Amino acid sequence: MGNKQIKQHLETAQKTGILKISLQRLQEFPPQLRAYPNVLKTLDLSENRFERVPDELGKLTLIKHLNLSGNRLVELNEVVGELAKLEVLLLMDNMLTRLPKTLANCTHLKTVNLSNNQLKEFPSMLCGLKQLDVLDLSRNKITDVPADVGGLFVTELNLNQNQISSLAEDVADCPKLKTLRLEENCLQAAAFTPKILKDSKICNLAVDGNLFNSKQFTDLDGYEVYMERYTAVRKKMF
């Protein structure tokens, strides 16, 4: 996309509030964005070659939907915390190793997708965000789920294909969590304590590909209580 095309996109976006400049092999943010009026509600810069997010992004405080997936981001600029109206944050298929604590300021976040990055630690700064509904952390390098997880308000948490060997039973305290995906990790059956199986609201627990077989799982104290929730939800669906 040449400068002329980008200019046209930027001019149109001033009227629509939507700017999409994806699949353009851009290595740097369009310089025109540095002095761009604060009108954008959707910004899609996916499938480019950005390695960092510039400070100017923090000026676009009306953004609700930000797509930076498919780039080469190693870290996320702290200015993302200034996007107070942000509802959807898509960062899958990057090389992120850590996240800024300022994400905790994005109190309107509903969906966060961080799949296929290089995260080693659970992003605890997202715990406490009451609007957050879906959090996808699949295909990272997370090794443990800390006690902070109990402060998540999501209905679905995807932790498939990590390196998780430790699961805090505080996950049972998540007030809305219905679907927990933990497939292809390093968990023992004992990680699923009676508190998780009996006292949580989890009714869809995906655990295939861990360090135990199905019989070890079905023999756990609390499994039958979990299955009652699972069956009740299935009946409502059909």
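The values are calculated or read from the model by the stated rules, or taken from the named source; none is laboratory data. In this text, all values refer to a predicted model and were calculated from it rather than measured experimentally. Using ideal geometry, Cβ is built from the backbone for each residue, glycine included, and neighbour counts are taken over all protein chains shown. Quick note on the areas: whole protein, heavy atoms, side chains included, nothing else; ligands and nucleic acids left out. Shrake-Rupley method; radii C 1.70, N 1.55, O 1.52, S 1.80 Å.
Of the residues that make up region 37-44, is at least one open to solvent by 80 Å² or more (accessible area, probe 1.4 Å) and closer than 20 Å to Thr107 by Cα?
Of all residues in region 37-44, those open to solvent by 80 Å² or more (accessible area, probe 1.4 Å) come to 41.
Those left that are additionally closer than 20 Å to Thr107 by Cα: 41.
Looking for residues that are open to solvent by 80 Å² or more (accessible area, probe 1.4 Å) and closer than 20 Å to Thr107 by Cα, one finds at least one in region 37-44, hence yes.
Whether any residue in region 68-80 is among the β-branched types (Val, Ile, Thr) and farther than 22 Å from Pro123 by Cα is what I want to check.
no
State which residue pairs qualify: first residue within 12 Å of Glu169 (Cα to Cα) and inside region 180-205, second residue in a helix (DSSP H, G or I) and of a type in the set (Asp, Glu) in any location, beta carbons under 7 Å apart, and separation of 6 or more residues or different chains.
Thr193/Glu169; Lys195/Glu169; Ile196/Glu169
Would you be able to tell me the number of residues in region 1-44 that are more than 23 Å from Asp93 (Cβ to Cβ), assigned to a loop (DSSP other than H, G, I, E, B) and of a type outside the set (Phe, Trp, Tyr)?
6
Exactly one of (1) open to solvent by less than 20 Å² (accessible area, probe 1.4 Å); (2) in a loop (DSSP other than H, G, I, E, B); (3) free of Cβ contacts under 8 Å to residues at least 40 places away in the same chain is unmet by Phe212. Its number?
(1)
Of all residues in region 62-96, which are touching an Asp or Glu at 6+ places or on another chain (Cβ under 6 Å), outside any helix (DSSP H, G or I) and not small (Gly, Ala, Ser)?
First, the residues of region 62-96 that are touching an Asp or Glu at 6+ places or on another chain (Cβ under 6 Å): 64, 67, 69-70, 72, 79.
Narrowing further to those that are outside any helix (DSSP H, G or I): 64, 67, 69-70, 72.
Lys64, Asn67, Arg72 - these are the residues of region 62-96 that are touching an Asp or Glu at 6+ places or on another chain (Cβ under 6 Å), outside any helix (DSSP H, G or I) and not small (Gly, Ala, Ser).
Can you go through Ser124, Ser166 and tell me which one is small (Gly, Ala, Ser) and over 25 Å from His65 (Cα atoms)?
Ser166
Do the conditions hold for Asp221, that is, is it part of a loop (DSSP other than H, G, I, E, B), over 15 Å from Asn160 (Cβ atoms) and either among the charged types (D, E, K, R) or open to solvent by less than 20 Å² (accessible area, probe 1.4 Å) (or both)?
yes
Say whether the condition of being modelled with pLDDT of 95 or more, more than 25 Å from Leu86 (Cα to Cα) and in contact with a helix residue (DSSP H, G or I) (Cβ under 6 Å, 6 or more places away or on another chain) is met by at least one residue in region 149-166.
Looking through region 149-166, none of the residues is modelled with pLDDT of 95 or more, more than 25 Å from Leu86 (Cα to Cα) and in contact with a helix residue (DSSP H, G or I) (Cβ under 6 Å, 6 or more places away or on another chain).
If I ask for residues that are out of contact with any helix residue (DSSP H, G or I) (no Cβ under 6 Å at 6 or more places or on another chain), not in a loop (DSSP other than H, G, I, E, B) and not basic (Lys, Arg), which ones from region 97-118 would you list?
Thr111, Val112, Asn113, listed by residue number.
Given the conditions (1) buried (at least 17 other Cβ atoms within 10 Å of the Cβ); (2) modelled with pLDDT of 85 or more; (3) among the hydrophobic types (A, V, I, L, M, F, W, C), report the number of the one that Leu33 does not fulfil.
(2)
I need the full set of residues from region 111-123 which are touching a Leu at 6+ places or on another chain (Cβ under 7 Å) and either surrounded by fewer than 17 Cβ atoms within 10 Å (Cβ to Cβ) or more than 26 Å from Ala147 (Cβ to Cβ) (or both), in order please.
Gln118
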